[in-house]
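The values are calculated or read from the model by the stated rules, or taken from the named source; none is laboratory data. All values derive from a computational prediction rather than experimental measurement. No Cβ is skipped: glycine too gets one built from the backbone with ideal geometry, and neighbour counts run over all protein chains shown. Areas reflect the complete protein model, heavy atoms only, side chains present, ligands, DNA and RNA absent. Shrake-Rupley method; radii C 1.70, N 1.55, O 1.52, S 1.80 Å.
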Amino acid sequence: MAIEEEDVRKIAKLARLDLGPEEIKLFQSQLVKILDSMAELSALDTDKVPPTNSVLGAVNRLREDEPKPFGEPERLLDNAPEREGPYFKVPKVIE
Amino acid sequence: MKQYEMVVGLEVHVQLGTKTKLFCSCPTGAFGAVANTHVCPVCTGQPGVLPVLNRAAVELAFRAALSLECELAEVSIFARKNYFYPDLPKAYQISQYEQPFATRGRLEFALKDGSSKSVGIHRIHMEEDAGKLLHAIGSEELDHSLVDFNRGGTPLIEIVSEPEIRGSEEAYAYLNALKAVLQFAGVSRCDMEKGEMRCDANISVREKGETRFGVRSEIKNLNSFKNVRDALEFEFRRQVEAVEAGQRLIQETRLWDAARQATFSMRSKEEAHDYRYFPDPDLLPLAAEAEWISRVKSGLPEGPVARRSRLIKDFRLSSYDCEVLTSDRALADYFEAAAASSGAESAKTLANLMTTELLGRINAERVEIADVPIAAPHLGRLAALVDKGVLSSKLAKDVFAKMWETRRAAEDLVAELGLSQVSDEGQVKLWVEEAIKANARAAEDVKAGKDRAIGAIVGAVMKLSKGKANPALVNRLIKEALGC
Ligand SMILES: [Zn+2]
């Protein structure tokens with residue numbers, strides 16, 4: 001299975017990882033191995049096997065629509081790297 | 001010149017009218033509240049939390065699907081849509097991708113020319129809303145951005161139409177019909193100003209008769225139905241001009257700028273569209289069990305089309321009146337509450353008062369039906385007073401204005417202001433005689449067969465009676481006095 005350096009760079013960018021040239025080479029060779037071993041599974045005939053979306057076998061775990069305010073928003077704000085008044089503060093993002 | 005047609009598909013996000021968020025028990029409806037007061041560890045994406053699905057949100061989503069004649073998937077799956085943006089604390093949005101809960105529905109609606117149009121619904125899926133970003137406080141631009149997660153996690157459905165809409169007016173009519181269906185089903189209030197209904201439009205052009213699709217653009221930032229109509233008109237002209245000039249269109253996302261009445265390319269967003277969806281392991285599949293669906297179905301309120309037919313039948317109203325009254329569920333409910341006290345025999349008068357006076361006032365003062373100062377039964381009794389001959393329709397307008405200002409009942413105001421119509425023959429006769437004397441010329445004209453001259457005499461009687469003379473009686477007595 002071919003994975004180019006370009007693919008690794010794209011995957012890294014999507015995951016917000018900043019990889020150096022050495023790391024790109026390293027992960028490229030690792031990803032090739034991972035995909036090769038996944039490719040073995042492709043040999044199986046899965047045409048009649050439904051996709052596995054959940055392994056628990058249960059469905060419909062629901063809650064009732066009753067408001068229960070958390071009540072301690074301050075604790076959440078204090079967990080953030082930066083806050084300003086009642087807001088979470090982040091680097092400038094342009095729409 | 002070649003003839004072109006517009007091909008449009010609409011993606012509409014609608015906020016489900018639940019009390020709590022989609023996956024946590026935080027209250028919704030935080031519009032205008034202090035930032036980050038309707039938040040908890042789940043909807044701010046703290047480590048180790050687990051989402052639990054809201055039953056009411058699912059049932060409202062099912063209602064929407066049933067009202068739009070969709071097929072409900074036996075099993076649907078929640079998926080993670082991965083992207084980094086500060087309004088998304090988990091760095092993924094929980095949505096549905098490969099197995100949405102509803103597909104293949106349709107919406108039928110009337111067009112201006114009276115014909116009817118049916119547009120297919122491609123799919124409906126459930127998802128959570130993102131938070132809100134603030135880049136400026138008032139007019140002051142910030143050198144950083146601020147995040148408010150009050151809206152984050154609010155339950156939404158996205159309704160994706162087939163590309164079967166063929167013009168901006170059709171798009172406008174589709175959106176109005178969709179809004180009415182969702183409001184009547186109790187799915188959402190669809191208040192666009194509060195962002196409870198949002199629309200993106202996909203548009204391409206092609207030569208008439210061509211069956212293949214052209215290259216489409218997706219237009220965002222359409223926060224009113226009027227914006228949708230204007231943006232589609234602009235984009236149609238832009239694409240046709242480009243095609244005529246031999247340019248190649250590119251598939252892109254464009255932003256509508258209402259102030260400049262134009263769309264602009266937003267290339268920056270293009271390469272980010274790699275969402276790497278996968279089933280969310282934190283959530284179990286959702287099964288639309290038959291017994292559950294039939295319970296939701298039986299609880300489904302009457303839709304706008306059924307409501308319209310019933311109003312026509314029960315109250316003998318024109319189809320135009322019923323079209324107006326059922327354009328909004330709150331308006332239809334108001335009408336029926338008012339009609340319960342006016343009696344069915346005064347329904348026509350009531351409908352007139354509503355389509356002229358009430359809607360006029362509502363539009364002029366931009367109030368919601370829920371905030372109208374006149375209680376529905378009060379308006380019903382005003383209509384009854386007109387039909388009983390106590391008030392002329394002109395006086396009814398004056399009383400309506402007073403009711404709006406004072407919130408009081410029609411009967412009280414009529415009594416207090418001495419407004420009731422005078423139907424006493426003796427009194428009206430005196431006014432008529434005086435009016436004829438003062439308008440001898442008009443009286444001669446009426447006698448000579450010029451019927452329209454009677455207006456001057458009626459006007460004089462109304463002036464003498466301060467508008468209170470019963471108009472039908474005035475007309476009859478004038479004709480009698482002039483021997484015609
Ligand atoms: Zn929450």
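Condition first: modelled with pLDDT under 95 and within 16 Å of the ligand (Cβ to nearest atom). Can you find one or more residues in the range B:106-114 that meet it? Looking through the range B:106-114, none of the residues is modelled with pLDDT under 95 and within 16 Å of the ligand (Cβ to nearest atom).
Restricting attention to the range B:417-437, the residues being open to solvent by less than 80 Å² (accessible area, probe 1.4 Å) and over 25 Å from B:Val386 (Cβ atoms) number 1. For the range B:62-76, the criterion of being of a type in the set (Lys, Arg) and farther than 27 Å from B:Asp191 by Cβ is met by none of the residues.
Of all the residues that make up the range B:26-35, how many are facing chain A (nearest Cβ under 9 Å) and within 13 Å of the ligand (Cβ to nearest atom)?
Summing the residues that are facing chain A (nearest Cβ under 9 Å) and within 13 Å of the ligand (Cβ to nearest atom) in the range B:26-35 gives 3.
One residue stands out among those in the range B:288-312 that are surrounded by 15 or more Cβ atoms within 10 Å (Cβ to Cβ) and more than 20 Å from B:Leu182 (Cβ to Cβ): the one that is nearest to the other protein chains (Cβ to nearest Cβ), which is B:Trp292.
Residues in the range B:345-355: is at least one farther than 30 Å from B:Ala110 by Cα and either in contact with a Gly (Cβ under 6 Å, 6 or more places away or on another chain) or crowded, with 16+ Cβ neighbours inside 10 Å (or both)?
Filtering the range B:345-355 for residues farther than 30 Å from B:Ala110 by Cα gives none.
The answer is no, given that none of the residues of the range B:345-355 is farther than 30 Å from B:Ala110 by Cα and either in contact with a Gly (Cβ under 6 Å, 6 or more places away or on another chain) or crowded, with 16+ Cβ neighbours inside 10 Å (or both).
Taken over the range B:36-58, the criterion of being within 9 Å of another protein chain (Cβ to nearest Cβ) and away from the ligand (no atom under 14 Å from the Cβ) is satisfied by B:Arg55, B:Ala56, B:Val58. Filter the range B:320-369 for residues that are more than 18 Å from the chain's Cα centre (by Cα) and on the phi > 0 side of the Ramachandran plot and give the result. B:Gly343 - this is the single residue of the range B:320-369 that is more than 18 Å from the chain's Cα centre (by Cα) and on the phi > 0 side of the Ramachandran plot. Does B:Gly114 fit the bill of being within 21 Å of the chain's Cα centre (by Cα), assigned by TED's automatic domain parsing to the domain that holds B:Asn202 and over 20 Å from B:Val7 (Cα atoms)? Yes. Remark: B:Ser76 falls outside the filter, which requires a residue to be within 16 Å of the ligand (Cβ to nearest atom), among the hydroxyl-bearing types (Ser, Thr, Tyr) and either modelled with pLDDT of 95 or more or in contact with an Asp or Glu (Cβ under 7 Å, 6 or more places away or on another chain) (or both). When A:Ile34, A:Ile94 are checked against the criterion of being under 26 Å from B:Ala91 (Cα atoms) and away from chain B (no Cβ under 12 Å), a single residue qualifies: A:Ile34. In the set B:Gly209, B:Gly246, only one residue is at positive phi and open to solvent by 70 Å² or more (accessible area, probe 1.4 Å); that residue is B:Gly209. If you check B:Phe84 against the conditions, is it away from the ligand (no atom under 16 Å from the Cβ) and either open to solvent by 30 Å² or more (accessible area, probe 1.4 Å) or in contact (Cβ under 8 Å) with a residue 24 or more places away in the chain (or both)? Here the answer is yes, as B:Phe84 does meet what is asked.
Under the condition of being more than 7 Å from every other protein chain (Cβ to nearest Cβ) and out of contact with any Phe, Trp or Tyr (no Cβ under 8 Å at 6 or more places or on another chain), the residues counted in the range A:80-91 number 3. For B:Ala472, the conditions (1) more than 38 Å from the chain's Cα centre (by Cα); (2) assigned by TED's automatic domain parsing to the domain that holds B:Gly343; (3) aliphatic (A, V, I, L, M) all hold with the exception of (2).
Kindly provide the set of residues from the range A:59-86 that are aliphatic (A, V, I, L, M) and open to solvent by 30 Å² or more (accessible area, probe 1.4 Å), ordered by number.
Result: A:Val59, A:Leu62.
Of all positions in the range A:3-16, at least one carries a residue that is more than 14 Å from chain B (Cβ to nearest Cβ), of a type outside the set (Gly, Ala, Ser) and open to solvent by 40 Å² or more (accessible area, probe 1.4 Å). Of B:Thr263, B:Thr326, all but one fail to be surrounded by 12 or more Cβ atoms within 10 Å (Cβ to Cβ) and either of a type in the set (Phe, Trp, Tyr) or within 23 Å of B:Glu345 (Cα to Cα) (or both); the exception is B:Thr326. Of the residues making up the range A:50-73, none is among the β-branched types (Val, Ile, Thr) and away from every other protein chain (no Cβ under 14 Å).
Could you please find all residues in the range B:59-73 being open to solvent by 10 Å² or more (accessible area, probe 1.4 Å) and either among the β-branched types (Val, Ile, Thr) or more than 10 Å from chain A (Cβ to nearest Cβ) (or both)? Talk me through it step by step, then tell me what you get.
Within the range B:59-73, the subset open to solvent by 10 Å² or more (accessible area, probe 1.4 Å) is B:59-60, B:63, B:66-67, B:69-73.
If the condition is that a residue be open to solvent by 10 Å² or more (accessible area, probe 1.4 Å) and either among the β-branched types (Val, Ile, Thr) or more than 10 Å from chain A (Cβ to nearest Cβ) (or both), then B:Arg63, B:Leu66, B:Ser67, B:Glu69, B:Cys70, B:Glu71, B:Leu72, B:Ala73 are the ones that fit.
Residues being open to solvent by less than 30 Å² (accessible area, probe 1.4 Å), within 16 Å of the ligand (Cβ to nearest atom) and within 14 Å of another protein chain (Cβ to nearest Cβ): count how many of those fall in the range B:136-194. Going through the range B:136-194 one residue at a time, the tally reaches 8.
Just to check your reading of the model, which residue among B:Leu22, B:Leu60, B:Leu68, B:Leu53 is in contact with a helix residue (DSSP H, G or I) (Cβ under 6 Å, 6 or more places away or on another chain) and under 22 Å from B:Arg295 (Cβ atoms)? Working first, answer last.
Numbers: B:Leu60 fails: in contact with a helix residue (DSSP H, G or I) (Cβ under 6 Å, 6 or more places away or on another chain); B:Leu68 fails: in contact with a helix residue (DSSP H, G or I) (Cβ under 6 Å, 6 or more places away or on another chain); B:Leu53 fails: in contact with a helix residue (DSSP H, G or I) (Cβ under 6 Å, 6 or more places away or on another chain).
Matching residue, one of B:Leu22, B:Leu60, B:Leu68, B:Leu53: B:Leu22.
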